[in-house]
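The values are calculated or read from the model by the stated rules, or taken from the named source; none is laboratory data. Bear in mind the structure is a predicted one, so any value in this text is a computation, not a measurement. Positions of Cβ are generated from backbone atoms using ideal geometry, with glycine treated the same way; all protein chains shown enter the neighbour counts.
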Amino acid sequence: MSQKLNIAICSYRSAPFGGGQGIFVFELSKALNNLGHHVDVISGPPYPNLENTIKLIKSPGLNLFRTFKFQERLKIFSEKKNKSADDWYEFISTLFGGFPELKTFGNRAQTLLDESSYDIVIDNQSLSYGMIEVQKNIPLIEIIHHPITKDYRYDIQFSKGIIQKISKWRWFSFLKMQKRVSQKLRVISTPSHNSKKDIAKDFGVFKKNISVIPNGIDHASFIPMQNIKRVPTQIITTASADVPLKGLDFTLHAVARLKEDYPQLKLVIIGSPRPGGHTERLINRLQIDQNILYRSNLNKHEIAVEYAKSNIAIVSSLYEGFGFPVGEAMSCAIPLIATNVASIPEITQSFAELIPAESSDAIELAIRKIFANPETNQSRADAGRMHIIENFDWQKIAKLYEDLIYKTIDEFQC
């Protein structure tokens, strides 16, 4: 089979500058479109940036998580005309601390897809009941970057007190749905062998139903910039503040100790803090606010510039299903320190300084090691860029998806 197809990519939220979902949707839709397929993206808010040739079909939920103030959420709900059952569910569930967007997006997407003529649907990790219904009528590939059970585990581990733990339990209540749905899906794709193992274990999915297709890295945008001078004591990390899974706390503690010997040390954080949140309070307590620079809402070129200015990149995650920051740092040929967990060693192989997770001591020692021997580490970083180009090119990845798409359609028709 080699005919050109009508493909729908579904994504319950696709923020272009926050997290990997918006990046994944942009890159996969573009790569499949470049192979000659017609691609539409069905997304809930926040909406992705897409190539001009890709049609965005908006599936507007209430988007209540644009604010955390009750009065503002009530206003959003009150002003919604012709409220559906999903609107009511979304408002009430959010009111009681839940995260209903996955379920309601799946229901809305199912309605849209019932009236469509797509050859295949690719769903980006909603794992919603609606996708089971979609699968009955249209071939479906479900993308699971990693099981969210891992996020839940670390959120509970780092929660302080019973109230916080109850709050996290309520938020992650959608996991029951995701486990049930994943066991009924015929075709699942995940970006790493580690994620495949964890999905099978945590969600009870047969391994034969899970294909491994790595994510690609845009190595044409994330490039070394020889014309930009590196700041000798600047390091860089990408981390969603107040998300325990990203392990930012351990990097901050390392910075607090390093600043004694390197008072000019700067940590650039690609992301934005939650005002008054845990990360902001920790920075103040460690008295390193003068050593921290936040950069947010950056496009690819602007992120590459920040890498070019920095001497070391750090990925201190406690878990990664794939980890775009790992590949992007390597593509920029910057010496990388990364935790030796989950999928990260699959991406880095020998081209990064791998350290144990949850260890500020290990981060500090690795930074000192690279500062002391920059030439050797730069040679390894240069080789790391070639590794990314050879193994994580989006057009090569798109061909792997195309093969899985044709196989899924063939098996659906049998």
Unique residue being within 18 Å of the chain's Cα centre (by Cα) and outside the structural domain of H387 (by TED's automatic domain parsing) when the list is V205, V187, V212, V181: V212
In the stretch 243-286, which residues are hydroxyl-bearing (S, T, Y) and within 30 Å of P16 (Cβ to Cβ)? T251, S272, T279
Do you know which residues across the stretch 200-237 are farther than 18 Å from K150 by Cβ and touching a strand residue (DSSP E or B) at 6+ places or on another chain (Cβ under 8 Å)? N209, S211, I213, V231, T233, Q234, I235, I236, T237
Lone unmet requirement of (1) within 15 Å of L95 (Cα to Cα); (2) aliphatic (A, V, I, L, M); (3) surrounded by 15 or more Cβ atoms within 10 Å (Cβ to Cβ) for L74: (3)
Determine if the stretch 261-277 includes at least one residue that is of a type in the set (A, V, I, L, M, F, W, C) and surrounded by fewer than 19 Cβ atoms within 10 Å (Cβ to Cβ). no
From the options E306, E320, E328, residue that is charged (D, E, K, R) and over 19 Å from the mean Cα position of the chain (by Cα): E306
When you look at T233, is it surrounded by fewer than 21 Cβ atoms within 10 Å (Cβ to Cβ) and closer than 21 Å to V315 by Cα, yes or no? yes
Exactly one of these conditions fails for S14: (1) surrounded by fewer than 19 Cβ atoms within 10 Å (Cβ to Cβ); (2) part of a loop (DSSP other than H, G, I, E, B). Give me its number. (1)
Given the residues K83, K4, which is the only one that is of a type in the set (D, E, K, R), touching a residue at least 12 places away in the same chain (Cβ under 8 Å) and part of a loop (DSSP other than H, G, I, E, B)? K4
Given the criterion surrounded by fewer than 22 Cβ atoms within 10 Å (Cβ to Cβ) and under 21 Å from M131 (Cα atoms), identify the matching residue among K58, K30. K58
Inside the stretch 292-405, counting only helices (runs of 4 or more DSSP H) that do not spill past its ends, which hold 1 or more residues that are surrounded by 15 or more Cβ atoms within 10 Å (Cβ to Cβ) and free of Cβ contacts under 8 Å to residues at least 12 places away in the same chain? 344-348, 360-372
Considering only the stretch 98-155, state which residues are in a loop (DSSP other than H, G, I, E, B), of a type in the set (S, T, Y) and touching a helix residue (DSSP H, G or I) at 6+ places or on another chain (Cβ under 7 Å). S126, S128
Residues (outside any helix (DSSP H, G or I) and crowded, with 17+ Cβ neighbours inside 10 Å) located in the stretch 173-211: L185, V187, I188, S189, T190, P191, S192, V205, I210, S211
Determine, yes or no, whether F99 is among the hydrophobic types (A, V, I, L, M, F, W, C), in contact (Cβ under 8 Å) with a residue 40 or more places away in the chain and surrounded by fewer than 23 Cβ atoms within 10 Å (Cβ to Cβ). yes
Looking at this structure, is Q135 more than 18 Å from the chain's Cα centre (by Cα) and loosely packed, with under 14 Cβ neighbours inside 10 Å? no
Does at least one position in the stretch 247-259 carry a residue that is small (G, A, S) and buried (at least 20 other Cβ atoms within 10 Å of the Cβ)? yes
Can you find, within the stretch 76-121, the residue that is nearest to G321 (Cα to Cα) among those that are β-branched (V, I, T) and out of contact with any Phe, Trp or Tyr (no Cβ under 8 Å at 6 or more places or on another chain)? V121
Out of all the residues in the stretch 63-78, is one or more in a helix (DSSP H, G or I) and under 26 Å from T190 (Cβ atoms)? yes
